[in-house]
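The values are calculated or read from the model by the stated rules, or taken from the named source; none is laboratory data. Computed from a predicted model, the values in this text were never measured in an experiment. Cβ sites come from the backbone with ideal geometry, for glycine too, and all protein chains shown count toward neighbours.
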2 protein chains.
Amino acid sequence: MVISLVAGGALVAMEGRNTLMTGCRSLDLLWQGCWQVHWAATSAELWVTQTSNLPVYTLEEVTKHCSLESGVWVTYKGGVYDITEFVAMHPGGNKILLAAGGALEPYWALYAVHQQDHVLEILSEYKIGVLDTESCQKQESTIPLDPYSAEPTRHPALQINSLKPPRVDPETYRLEIEGLPGGVVSLSLSELKSRFPKHTITATLQFAGNRRSEMNKVKQVKGLNWGIAAISNATWSGARLRDVLLSYGFGPEVAAKAKHVQFEGLDRDVTGTAYGASIPLNKAVSEEGDVLLAYEMNGEDLPPDHGYPVRVVVPGVVRARNVKWLGKIVVSDEESKSHWQQNDYKGFSPEDFKSAPAIQELPIQSAITHPAEGTSGDCSDREGTVKGYAWSGGGREVVRVDVSIDGGKTWHVAKLHTSDQEQHPAPPPPPGRAWAWKLWEIDVPIPHRAQELEIVCKAVDSSYNTQPDTVAPIWNLRGVRSNAWHRVQVKVSEGLKDQK
Amino acid sequence: MVISLVAGGALVAMEGRNTLMTGCRSLDLLWQGCWQVHWAATSAELWVTQTSNLPVYTLEEVTKHCSLESGVWVTYKGGVYDITEFVAMHPGGNKILLAAGGALEPYWALYAVHQQDHVLEILSEYKIGVLDTESCQKQESTIPLDPYSAEPTRHPALQINSLKPPRVDPETYRLEIEGLPGGVVSLSLSELKSRFPKHTITATLQFAGNRRSEMNKVKQVKGLNWGIAAISNATWSGARLRDVLLSYGFGPEVAAKAKHVQFEGLDRDVTGTAYGASIPLNKAVSEEGDVLLAYEMNGEDLPPDHGYPVRVVVPGVVRARNVKWLGKIVVSDEESKSHWQQNDYKGFSPEDFKSAPAIQELPIQSAITHPAEGTSGDCSDREGTVKGYAWSGGGREVVRVDVSIDGGKTWHVAKLHTSDQEQHPAPPPPPGRAWAWKLWEIDVPIPHRAQELEIVCKAVDSSYNTQPDTVAPIWNLRGVRSNAWHRVQVKVSEGLKDQK
């Protein structure tokens, strides 16, 4: 028997989980930057302000509260909110002040990540009143239209948080490279494609906040409620970053001074700041680092969502450093100064950010993709199929996944494979270059009389690193590197118990 | 206040623990191979056979039981033992059959690891009788004398299991290299020293079975009862393996076929088999791999104990691959065929040895060296000092150690340093090349009314890998890669409680 999903479609809508099982198909529909990285963990319904006995304010009164000194008020769909206390907790940092004294709608239109129940719940806690009718009408006429409304629609299996990749013209596209002896290099797309050998790798990209929702259950974190689907796998082709840097003068002289390679995206936030990140020099220039300036994904031009025309693929490294819509490369003695390198995507809580290294490699990870939490299964042949993924950072190969259906008391070793199609199993990767996840599967005997199963998985990588048993000891305020054993509760169906 | 050791000297005798805190001083007094790697976890007192009413056998009867078919009997100090059932459990494998039908003494004289209470206890379970007086006298006259009795004594702080490194004459020493295009290379010690630049690294070597004793408490493992001291740190100097291989013809042609570099020691067991191990080619030839053919330790010639005149130092990799008394290097498409590569030092239990990779890098590790288990402390100023070490394999730097004194409910961040002498703190290592352990220390407030403390430590490395919370889920029959949170129970002294 198979512990099947009660409603597969519902699962897709919730987390895009079942598409995880399609091997090389990418789920990397994520924007870069903490203000643009999230898919909806739950569907973002339009939110109607409830009628109440709260005070009525004019827009004029709201605009006076536009700073931390005067208090930070914002409006949303006719409601007035005093979010002064929330500013320090905003995952996107001070950018929230752009909306101070005015409407949230234009910012939420750009950063659709906000349009979900979780965010609206947080906002509702700060409601202090409603706008008068005149102010509402005035606002409606001034809030700008969505500039991206003509974009093509995405596959229905994917839950989209942001619909707005930058538009980049391949004819005028230029990739700039700074920090090499010959001065600034400017490369066109066709030069990048023709001057350097095309190299192909299959690599998994994981968002730092994958499985954040489990940390949220321990204690509230600052960040959206991600499930297990903030991870993707695809085959990428492009020029090796190493080849490009070497051909424009990178050598021992540069290596003696430089320590990092910085990347800058062509996407800018409302303040005009480009997305930025950096990786250590040795990863960037090592032959075995396999860092690509990728222009193809799964054998086709990069889709706009994934960074068209060029993105960096830094295999084995957190998704945040895999910069999309790449505009500039800087070889430098310093890390990127960007918010996302310095003040976010670090593995400890903010009070320790100074001593915490910016996340590069992520630790060993695994999760159960089937069955889903809370589903119930038909156990007619007393066996249940459990499936999932496992991956580790730094090219460390997953060498084992153990699965338990009794909450971790006893374990079964799962079968590992590289994709759903095992007709042509891939040869094992060279040591230290296992960039792609392993999918795993196991048929587990279901004990008689079982009414509920607590399914647990844990993985081991080639350095024998293991996942921590529990979430609490690795909890951190931003909810990153969440890699404790994954647990799913399922019910054994009533029908079966009657047959017994 | 300091939670001080009740009897520091006793601790040294037990585990050599406090010498762990001397920074670069090495504790690497370990032989290679599972039959020769262990220090005594407890002192190995001479063992006197107890009188009993067991049957009396002649030597002739014993010699008839010399195979698994006829049963395996051995004698030890006048006792007769039927160890047939133990053969499969012997950590040294079938080599135990060398003693079948005769005396254990000559083998235990060579592999002094056996001379400890734990081993004698195991042996005692198999006692079936005693030798008659005539047989005893006959045996005494034939058991060979210890050939190493003239060796110098070791420092009294170290507990020695084996006193017998091979004697290697530096004048006639030759290092052979096979598998390169020009045929077999034969290098003298002076050639190795003069032809290649001297390179120096500080690296921690950890035995695969460090902290095995904690797994033993969960369920008995096959292996001796190691505490937390099977780890050492030293500064090593020698030729880079990379430089040597490149100078004798290693290049793309060899790299296209070869996958491993094998090492063979000059030490041989009683069957004449040399100790062997191998590492992946990319580790061996990478500039950042820092693999040395070391001839100096802490600025002096390698001591005989540590592999004089030449040993391999493979930083970031389990001690078992750091072959001492190096005699041969083979560049090959295969892993070493040795017992220790194929049938031991794998991270899962033997039933999974086929799929288990030979251990190379070890996972993140930490342990409390002070205070010691079961000690009690003077808490006059209501603060306790906790100290320890932390290390991770693969050059991953330890970035944080958390310490708890309430069994893991609350945590304090410890201060990390590179040695006891912090006047000249070492610059941070380049990413991926943090080969040396970090020592850590913290003063923790002791709660009023506390009578007992459960001290716990856990570390995080630069890839944000963490130690597992508990031992049971990583248990394996050989008791390797034991890296759960380390726990120590101590008492708060009675004297203090009276003062309160």
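Only a single criterion out of (1) free of Cβ contacts under 8 Å to residues at least 40 places away in the same chain; (2) within 30 Å of B:GLY393 (Cβ to Cβ) is not satisfied by B:GLU178, namely (1). Among the residues of the stretch A:60-72, those that are crowded, with 20+ Cβ neighbours inside 10 Å and farther than 19 Å from A:VAL270 by Cβ comprise A:VAL62, A:HIS65. When B:LYS354 is tested against (1) in contact with a Phe, Trp or Tyr (Cβ under 9 Å, 6 or more places away or on another chain); (2) more than 25 Å from B:THR470 (Cβ to Cβ); (3) without any contact (Cβ under 8 Å) to a residue 60 or more places away in the chain, exactly one condition is not met: (1). Out of all the residues in the stretch A:140-198, which are among the aliphatic types (A, V, I, L, M), modelled with pLDDT of 70 or more and either within 30 Å of A:GLY227 (Cβ to Cβ) or in a loop (DSSP other than H, G, I, E, B) (or both)? Selection gives A:VAL168, A:LEU180, A:VAL184.
May I ask you to list the residues in the stretch B:73-90 that are outside any strand (DSSP E or B) and buried (at least 20 other Cβ atoms within 10 Å of the Cβ)? Result: B:ILE83, single match. Here is the figure for the stretch A:417-439: residues that are more than 13 Å from every other protein chain (Cβ to nearest Cβ), modelled with pLDDT of 95 or more and in a strand (DSSP E or B) total 1.
Looking across the stretch B:461-479, the residues that are of a type in the set (A, V, I, L, M, F, W, C), surrounded by fewer than 23 Cβ atoms within 10 Å (Cβ to Cβ), modelled with pLDDT of 95 or more and touching a Ser or Thr at 6+ places or on another chain (Cβ under 9 Å) come down to B:VAL471, B:TRP475. The set of residues in the stretch B:367-416 being in contact with a Pro (Cβ under 7 Å, 6 or more places away or on another chain) and modelled with pLDDT under 95 consists of B:GLY377, B:ARG382, B:GLU383.
Here's the yes/no breakdown for (1) under 23 Å from A:ILE359 (Cα atoms); (2) surrounded by fewer than 22 Cβ atoms within 10 Å (Cβ to Cβ); (3) among the acidic types (Asp, Glu):
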residue: A:VAL184; (1), (2), (3): no, yes, no
residue: A:LYS198; (1), (2), (3): no, yes, no
residue: A:ASN210; (1), (2), (3): yes, no, no
residue: A:ASN216; (1), (2), (3): yes, yes, no
residue: A:GLY227; (1), (2), (3): yes, yes, no
residue: A:ARG240; (1), (2), (3): yes, yes, no
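Checked against the criterion of being of a type in the set (Val, Ile, Thr) and farther than 12 Å from B:VAL313 by Cβ, the candidates B:ILE201, B:ILE228 yield just one match: B:ILE228.
With the condition kept exactly as written, say whether any residue in the stretch A:371-388 is among the hydroxyl-bearing types (Ser, Thr, Tyr), within 14 Å of another protein chain (Cβ to nearest Cβ) and surrounded by fewer than 20 Cβ atoms within 10 Å (Cβ to Cβ). No, that holds for no residue. Identify all residues within the stretch B:323-355 that are among the small types (Gly, Ala, Ser), within 14 Å of another protein chain (Cβ to nearest Cβ) and crowded, with 20+ Cβ neighbours inside 10 Å; write none if there are none. If the condition is that a residue be among the small types (Gly, Ala, Ser), within 14 Å of another protein chain (Cβ to nearest Cβ) and crowded, with 20+ Cβ neighbours inside 10 Å, then B:GLY347 is the only one that fits. Checking the structure you have, find out if any residue of the stretch A:338-355 is of a type in the set (Phe, Trp, Tyr) and under 15 Å from the mean Cα position of the chain (by Cα). Checked the stretch A:338-355: at least one residue is of a type in the set (Phe, Trp, Tyr) and under 15 Å from the mean Cα position of the chain (by Cα). Counting only residues that are within 11 Å of another protein chain (Cβ to nearest Cβ) and more than 24 Å from B:TRP435 (Cβ to Cβ), which one in the stretch B:389-409 is surrounded by the fewest Cβ atoms within 10 Å (Cβ to Cβ)? Filtering the stretch B:389-409 for residues that are within 11 Å of another protein chain (Cβ to nearest Cβ) and more than 24 Å from B:TRP435 (Cβ to Cβ), the one surrounded by the fewest Cβ atoms within 10 Å (Cβ to Cβ) comes out as B:LYS409. Within the stretch B:308-318, one or more residues are closer than 30 Å to B:LEU97 by Cα, in contact with a strand residue (DSSP E or B) (Cβ under 7 Å, 6 or more places away or on another chain), in contact (Cβ under 8 Å) with a residue 24 or more places away in the chain and within 14 Å of chain A (Cβ to nearest Cβ). Only a single item in (1) touching a residue at least 24 places away in the same chain (Cβ under 8 Å); (2) more than 30 Å from the chain's Cα centre (by Cα) is not met by A:VAL184, and it is number (1). Consider the stretch A:471-483 and keep the residues that are within 22 Å of the chain's Cα centre (by Cα) and within 7 Å of chain B (Cβ to nearest Cβ). The one that is nearest to B:VAL471 (Cα to Cα) is A:ILE474. With respect to B:GLY272, determine if the residue is of a type outside the set (Val, Ile, Thr), away from chain A (no Cβ under 12 Å) and out of contact with any Leu (no Cβ under 9 Å at 6 or more places or on another chain). Judged against the criteria, B:GLY272 is a match.
Among the residues of the stretch A:440-454, those that are modelled with pLDDT of 90 or more and among the hydrophobic types (A, V, I, L, M, F, W, C) comprise A:TRP440, A:ILE442, A:VAL444, A:ILE446, A:LEU453.
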